[in-house]
Amino acid sequence: MSPVTSSPAPMDSTSDVTLLRQVAERQPQALGALYDRYAATLLGLGKRILGSLPDAEEVLQEVFLHVWNHADRYDAGRSSVSTWLILITRSRAIDRLRTRKVVERTHETSVQENPPEDASPEGVENVFLRERRDRVQSEMEKLPPEQKQVLEMAFYEGLSQSEIAARSDLPLGTVKTRTLLAMKKLRGALRDEIRQLL
Amino acid sequence: MNTDNTHSDDLTILAALEALERGIDSPRGPRADETTETLTRLYTEVLGLVPFETEPVTPSAGSKARLMALIQGGETPPAAEPAAAPARAVAPAPVAPLRPAQETRAPRPATGSYAVSRRGSRWPLALAAALALALLGLSLWLFTQVGTLRETIARLEDEVKTERARAAAAEAEVERVKSDSLDLRQKFQLVTSHAVEVSPMRPVGEAPLQPNASGILFVAADHQHWYLRVRNLQPAVQGKTYTLWFETPQGPVRSGHFSGKTGEPEDLSSETMPVGTNGVLVTLEDSTDVAAPTGPPVLRAAAVYPIT
């Protein structure tokens, strides 16, 4: 995938915040708009963590019900709406992973091989999100494998640094160093993305 | 990049990763300096971008519809709070600023919290209210039913009393009829017995008190059983009564009373007759307690027969 060098069109983050405020005001259509915008991303994340599409679908429903019921908990000072949704989804999925002891996990390659199912109402993913995805994938691919691995273990498996060290049979310091390096590289490489989310 | 910045970065990254485990909605810790806050925000967004490396998966066709139906149908069960993650013995990494704290920052504008009323999930309250209303309605219905049943029971009790009274009256009537029947049978036997003696009774005097009245006395052979029938006797005025006397050598013996009913015969009977009765007299008295005739005679046996 060729790296995208040009600056992407600015994400209308205000619209995300506005939508969430409308959700807090109990406007269902606002929740529907957020769903159309992020459901595919969140579902992909859920499936990546749980390795099961049905489980991921349930988590997706839980997440949006949580958003509907607790939109007022969103703190714009802590994260963007996109990150808020993603981290909620991650938490729910990790909790379910730990609770249900999902054993079989599909690897990233099998996830990528699974074709999308019924088309979303929007048909094609939001262009801006598509561009963001392209850049993130590009930068993640540039990470050294060992750094990418510890980052993904922390994010997708919910492992602590110590648990990663134990599983990887690595010193804790090494795990921390690799994690820190990965995070810093991504922070630098995705500066534009981050700036738009702030 | 100086060491201080690197160290600050590292601490912030580690803190962000730990915060990841606590959840984005977890309560914020004490505010740090602006640099740390900014770095924390930066690395939080980095974490939020990581999943974009994963290919999106389009939700199933009915997924959104189910979600919208849930929230629009009012059935918005509060999304189950995530199960408490297994406790981790992770102490929050102290994010100590390496540079002197900046001057006091102006209060952060309240953009993160929404001053909207949380209505939360309403369906449990609605369900509870519906159940409460249903129970109240059922209670009221039962109460009215109880009242109706009590009225019915009271009415039925009255009817039972009435019917019992009727039954008692009927029994009394039956007894009376039996008695009358017996009496009639006895009278018939008396009247038709072989040795019965008959004594007609006629008004007394040249200007009788009751010129149209008449009577007939039947006496059985035993001279004890007797039966008297009087006809056309005018009703006695109020306070007065017709009294029957059997005359004996010892004097008249009061043997019965009657008031006189217009058009209806009066009957008197008994199983006993004073010994030595030699006459029968009916007088009009002022009371029923007189010991001897004091009022005017009304009827007397036409002939004095030796009937004892």
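Rule-based calculations on the coordinates, nothing more; no lab input. Bear in mind that the values here come from a model prediction, so they are computed numbers and not experimental data. Reconstructed Cβ throughout: ideal geometry from the backbone, glycine too, with neighbour counts over all protein chains shown.
Were the residues from B:Thr6 through B:Asp222 laid out at 0.36 nm apart, the gain over their Cα-Cα distance would be 62.7 nm. Ordering of B:275-288, A:180-193, B:42-55 by packing is B:42-55, A:180-193, B:275-288, highest average first (other Cβ atoms within 10 Å, averaged per residue). In order along segment A:25-37, the phi-based Karplus estimate (6.51 cos²θ - 1.76 cosθ + 1.60, θ = phi - 60°) of 3J(HN,Hα) comes to 8, 6, 9, x, 5, 5, 5, x, 5, 5, 4, 4, 7 Hz; Gly and Pro are listed as x. For segment B:286-295, putting each phi into the Karplus relation 6.51 cos²θ - 1.76 cosθ + 1.60 with θ = phi - 60° gives couplings of 7, 8, 8, 9, 5, 8, 8, x, 10, x Hz, in residue order, rounded to whole numbers and with x for Gly and Pro.
Taking amide H as placed 1.01 Å from N in the peptide plane, B:His225 has its amide H under 5 Å from the amide H of B:Ala220, each at least 5 places away in sequence or on another chain.
A straight Cα-to-Cα reach below 26 Å connects A:Lys184 with the lysines A:Lys142, A:Lys148, A:Lys176, residues fewer than 8 places away in its own chain not being considered. Peptide A:80-86 has a mean shielding of 5, counted as Cβ atoms of other protein chains within 10 Å of each residue's Cβ.
Set the Förster radius R0 to 45 Å, insert the Cβ-Cβ distance between B:Arg155 and B:Gln72 as r into 1/(1 + (r/R0)^6), and round the FRET efficiency to 0.05. Write down the numbers at each step before the final one.
Details: r = 54 Å, r/R0 = 1.21.
Efficiency for this residue pair is about 0.25.
A straight chain from B:Asn278 to B:Ser179 at 0.36 nm per residue would run longer than the Cα-Cα distance by 32.7 nm. Between the amide H of B:Gln210 and those of B:Val204, distances stay under 5 Å, these residues lying 5 or more places away or on another chain, with hydrogens modeled in the peptide plane.
As a ratio to 2.2 N^0.38 Å, the alpha-carbon radius of gyration for segment B:254-304 is 1.21. Between amide H atoms placed 1.01 Å from N, distances below 5 Å from B:His257 occur with B:Leu244, all of them 5 or more places distant or on a separate chain.
Order A:57-68, B:127-138, A:145-156 from most to least packed using the mean count of other Cβ atoms within 10 Å. Spell out each step's value before the answer.
Numbers: A:57-68: 23.3, B:127-138: 10.2, A:145-156: 19.7.
Sorting A:57-68, B:127-138, A:145-156 by mean packing, highest first, produces A:57-68, A:145-156, B:127-138.
Measure off 7 Å from each Cα along the Cα-to-Cβ vector at A:Ser168 and B:Ser269, then give the distance between these two points in nanometres to one decimal. Going from the A:Ser168 label point to the B:Ser269 one covers 13.1 nm. When only the Cβ of Lys, Arg, Asp and Glu is charged (+1, +1, -1, -1), the dipole of segment B:212-308 relative to its Cα centre reaches about 220 debye.
Taking 0.36 nm per residue of separation and subtracting the Cα-Cα distance, full extension of the segment from B:Gln238 to B:Ala170 would add 21.4 nm.
Peptide A:179-189 has a mean of 5 when you count, residue by residue, the C-beta atoms of other protein chains within 10 Å of its C-beta.
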